[in-house]
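The values are calculated or read from the model by the stated rules, or taken from the named source; none is laboratory data. Everything quoted here is computed from the prediction, not taken from an experiment. Positions of Cβ are generated from backbone atoms using ideal geometry, with glycine treated the same way; all protein chains shown enter the neighbour counts. Note: areas computed on protein heavy atoms with side chains; ligands, DNA, RNA excluded. Shrake-Rupley method; radii C 1.70, N 1.55, O 1.52, S 1.80 Å.
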There are 2 protein chains.
Amino acid sequence: MKKVDLIIHNISELVTVSGSNNRPRAGAAAMNDLGIITDGALAVKDGKIIAAGTTNKIKKQYRAGKTINATGKTVTPGLIDAHTHPIFMGDRADEFELKLKGATYQEIAAKGGGIKFTVRKVRAASKQELKTNARPYLHRFINYGTTTIEAKSGYGLTLKDEIKLLEAIKEFKSEIRNPKSEIGLPDIVPTFLGAHEIPDEYKNNKQGYINLITAKMIPEVSRRKLARFCDVFCEKNVFEIDDSREILESARKYGLGLKLHADEFAPLGGAELAAQMGAVSADHLMAISDNGIKQMMQKGVVGVLLPGTTFALGLKNYAPARKMIDAGLPVALATDFNPGTSFTESLPMIMSIACVMMRMTPAEALVASTVNAAWALGEAANIGSLETGKDADIVLWSAPSYKHIPYHFGVNLVETVIQKGEPQIHTDKHG
Amino acid sequence: MKKVDLIIHNISELVTVSGSNNRPRAGAAAMNDLGIITDGALAVKDGKIIAAGTTNKIKKQYRAGKTINATGKTVTPGLIDAHTHPIFMGDRADEFELKLKGATYQEIAAKGGGIKFTVRKVRAASKQELKTNARPYLHRFINYGTTTIEAKSGYGLTLKDEIKLLEAIKEFKSEIRNPKSEIGLPDIVPTFLGAHEIPDEYKNNKQGYINLITAKMIPEVSRRKLARFCDVFCEKNVFEIDDSREILESARKYGLGLKLHADEFAPLGGAELAAQMGAVSADHLMAISDNGIKQMMQKGVVGVLLPGTTFALGLKNYAPARKMIDAGLPVALATDFNPGTSFTESLPMIMSIACVMMRMTPAEALVASTVNAAWALGEAANIGSLETGKDADIVLWSAPSYKHIPYHFGVNLVETVIQKGEPQIHTDKHG
């Protein structure tokens, strides 16, 4: 009998999502293979999964001071949200209403709205104010079952303000790593998104802003290790294909991994660029071309789909998830949490939208929110499944099956979240 | 200084929704008039609203032993869910998945699914088992801000089993009215829906089942005061227009109010029938005709829209809410909570869907979920707005504006729910 820290046993449905250590899940068969163990158990020690198996088998091999009885519960890996913009100031509730009434992007911009509203607010805020604003949102990610988020800068658009955003992210991350820290924050993978928009002061000099990004921002971010990835908002009239390539080449030179906001509104060739540059993911992809799908597949780029954005904007052009999955492209899901176009911290909500709007199966939605999202962050060796040696990031759900996560929509079925072996929350079970 | 039980003060945005005591809100102007008081306060005594006004004014007139400081919060009337099916057994998660994969109604029925699955489970269950199953769902309604629900029978389809469902509802209601009862249940308005489906034992004898409803079920339900309304699922190949009229006429004779599941799939004339029969509401209405809208308006029938059903079925034919509102028809929103087609207890979720899918404004969605829903239950004299003399059913939201309820989607912004003057829950503020 080996001694461990924690055993979770009698799990009605233990969804391990195991067996994707070599590559992300691609194709309908692989994305529907969840590695489910009925009457399962997990042994946890030093923040890691020691073993997953049947209750009978685990109890024969391990003993622990602390046990959790999960009768009637579903247990899954902690959810991973591979695309968020959580550090900002202010909200855009009025803009949400204007869009419902049919206001165009231009009309909203003319009223001082849109992303530039958030940029003004962020520039005027201190790092401390940004952190105070972000903290409840970060707690809510955990509360809805998400143990790791990717977090982008991109509302500063000056060297100083982008650094301020990335420092705020880094400070949150240090709280998580400190065992005495406040509980309830997700782990964070930081992404530099200076190329989120062209700021007003460069509106007639886009190349000047690109030069600022490549010559000042990226070197500074890299030197101070403030980001793991560099992302670009590649879109017509913002950063076009050649602009995006220039920025990504600089980022690669400075050792950053690459991501791309690609083909959201028009099939500009963003997916193809992501493949050519060896990006870890291309995100949005509502207007992706067949060639884009093919090139991403060949280079192993994960398609990160953000259907909450399409939903919240009241649009109908969801990314062609079914076509991507059936073609064999690995797909992940993310919230795109941001105050302008997708104001939700709930990946379960995104899973519901992905099922009903993009016809993903509940199993595909779960794979896309766990192991494939881990691949989209370069973290698949550590998180995304419940396998020996991976981090003990675990969610207990008040539900008899993982299918309830998308099926029982708009409510929180999370009962307990365990992050790196430590229980973070125990929500009201009727939440 | 008058003494009251409770004062809620410093409310950043007090949304009274007051001023609809004569008729439901109809037309865009009326449905966008929320009676907002900035820096507002409420005085509560004996479970009733004594006064609503500015903090300054209320504090000059009233004092209370108990106060709640609502700085930074939005306060609205308790939400009212005018259409739910909360008493059932089992779930239909597998059916949710089959539908996503394109299974037809017939294919699901052939696998033993659909409503008849739920009917079999309910017939096999005791009243106590039904109550044990329903209790967490009822708690969750409160937890998401709903203080009153309408609850239908309709999964029994025999005299005995329909009575069993209505008795379960009545027993829950008695818990709420008992001051020593367990906290956290919504108030309930019961509806008899024996005409929900034609049970298998009558599949070649529909008139025999209609006779059972009119000659046995309705008289018994009426005699024992087990329901306030009678509803009929009026649809092609189920209860057609003439069948529905026959049942509603019987219900009216026995003193029940009338409701109708109308024009969900085809414009059968259900809206017109509801108007002719003087129903309090017609519900679903995705396929309503222009004439149906006109006739409902003339007779003051509230249109209860259930967009969660359209969403969860992955359909595109939302009810024409914009057309209805702009024509002047009073519109309410409801969850249609049920295990087959809309498995959510969250009216805020429904408000989000109503905004993005049906282009209702946040204000229209709130009116539709409060005062107009109260009208759809014949309860507008008592609930649905924060006005002197009405029940103190109040929600404090962790949000600076009511617009956040639909805007910040898929998460729970409810902080405190007060029902009949008593705080029911105080959720995790990051829920």
- [ ] Could you tell me which residue of region B:233-249 is nearest to B:HIS284 (Cα to Cα), considering only residues that are of a type outside the set (Ser, Thr, Tyr) and part of a helix (DSSP H, G or I)?
- [x] B:ILE241
Open item on the list: Take the conditions within 25 Å of B:ALA30 (Cβ to Cβ), among the hydrophobic types (A, V, I, L, M, F, W, C) and within 16 Å of the chain's Cα centre (by Cα) and apply them to B:ALA327. Does it pass?
Closed with: no
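Conditions (1) within 14 Å of chain A (Cβ to nearest Cβ); (2) within 29 Å of B:MET89 (Cβ to Cβ), marked per residue:
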position	(1), (2)
B:ASP231	no, yes
B:GLU235	no, yes
B:ASP263	no, no
B:ALA282	no, yes
B:SER289	no, no
B:LYS316	yes, no
B:PRO320	no, no
Task: Tally of residues being touching a Leu at 6+ places or on another chain (Cβ under 6 Å) and either surrounded by fewer than 23 Cβ atoms within 10 Å (Cβ to Cβ) or more than 8 Å from chain A (Cβ to nearest Cβ) (or both) across region B:351-360 - done: 2
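Conditions tested, residue by residue: (1) open to solvent by 20 Å² or more (accessible area, probe 1.4 Å); (2) more than 10 Å from every other protein chain (Cβ to nearest Cβ); (3) of a type in the set (Gly, Ala, Ser).
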{"position": "A:ALA363", "(1), (2), (3)": "no, no, yes"}
{"position": "A:ALA376", "(1), (2), (3)": "no, yes, yes"}
{"position": "A:GLU387", "(1), (2), (3)": "yes, yes, no"}
{"position": "A:LYS390", "(1), (2), (3)": "no, yes, no"}
{"position": "A:ASP393", "(1), (2), (3)": "no, yes, no"}
{"position": "A:TRP397", "(1), (2), (3)": "no, yes, no"}
{"position": "A:ASN412", "(1), (2), (3)": "no, no, no"}
{"position": "A:LYS420", "(1), (2), (3)": "yes, yes, no"}
Task: Filter result (in contact with an Asp or Glu (Cβ under 9 Å, 6 or more places away or on another chain), more than 10 Å from chain A (Cβ to nearest Cβ) and not aliphatic (A, V, I, L, M)) within region B:322-336 - done: B:LYS323, B:ASP336
Open item on the list: Looking at (1) touching a strand residue (DSSP E or B) at 6+ places or on another chain (Cβ under 8 Å); (2) at pLDDT 95 or above; (3) surrounded by fewer than 24 Cβ atoms within 10 Å (Cβ to Cβ), which one does B:THR74 not meet, given that it meets all the others?
Closed with: (3)
Open item on the list: With modelled with pLDDT of 95 or more and touching a Lys or Arg at 6+ places or on another chain (Cβ under 6 Å) as the only criterion, which of A:LYS160, A:LYS121, A:LYS127 stands out?
Closed with: A:LYS127
TODO: Mind listing whichever residues of region A:77-103 are modelled with pLDDT under 95 and small (Gly, Ala, Ser)?
DONE: A:GLY102, A:ALA103
Open item on the list: Scan region A:370-383 and tell me whether some residue there is touching a helix residue (DSSP H, G or I) at 6+ places or on another chain (Cβ under 7 Å) and polar (S, T, N, Q).
Closed with: no
TODO: Could you list all residues from region A:339-359 that are touching a Pro at 6+ places or on another chain (Cβ under 9 Å) and either over 21 Å from B:ALA399 (Cβ atoms) or assigned by TED's automatic domain parsing to the domain that holds A:ILE405 (or both)?
DONE: A:MET351, A:SER352, A:ILE353, A:ALA354, A:CYS355, A:VAL356, A:MET357, A:MET358
Open item on the list: I need the full set of residues from region B:294-335 which are β-branched (Val, Ile, Thr) and either over 15 Å from B:ALA262 (Cα atoms) or at pLDDT below 95 (or both), in order please.
Closed with: B:ILE325, B:THR335
Open item on the list: I'd like the full set of residues that are without any contact (Cβ under 8 Å) to a residue 40 or more places away in the chain and either open to solvent by 60 Å² or more (accessible area, probe 1.4 Å) or outside any strand (DSSP E or B) (or both), limited to region A:250-263.
Closed with: A:SER250, A:ARG252, A:LYS253, A:TYR254, A:GLY255, A:ASP263
TODO: For region B:269-303, enumerate the residues that are buried (at least 23 other Cβ atoms within 10 Å of the Cβ) and either among the hydroxyl-bearing types (Ser, Thr, Tyr) or within 14 Å of B:LYS236 (Cβ to Cβ) (or both).
DONE: B:GLY270, B:LEU273, B:SER281, B:HIS284
TODO: Search region A:402-415 for residues that are closer than 12 Å to B:VAL411 by Cα and without any contact (Cβ under 8 Å) to a residue 60 or more places away in the chain and pair each with any residue that is surrounded by 24 or more Cβ atoms within 10 Å (Cβ to Cβ) and among the acidic types (Asp, Glu) when their beta-carbon atoms are under 9 Å apart and the residues are at least 6 apart or on different chains.
DONE: A:VAL411/B:GLU345
TODO: Only residues that are over 10 Å from B:SER250 (Cβ atoms) and buried (at least 19 other Cβ atoms within 10 Å of the Cβ): list them for region B:213-225, please.
DONE: B:VAL221
TODO: Test A:LEU138 against the stated conditions and say whether it is modelled with pLDDT of 95 or more, in a helix (DSSP H, G or I) and either within 14 Å of chain B (Cβ to nearest Cβ) or within 16 Å of the chain's Cα centre (by Cα) (or both).
DONE: yes
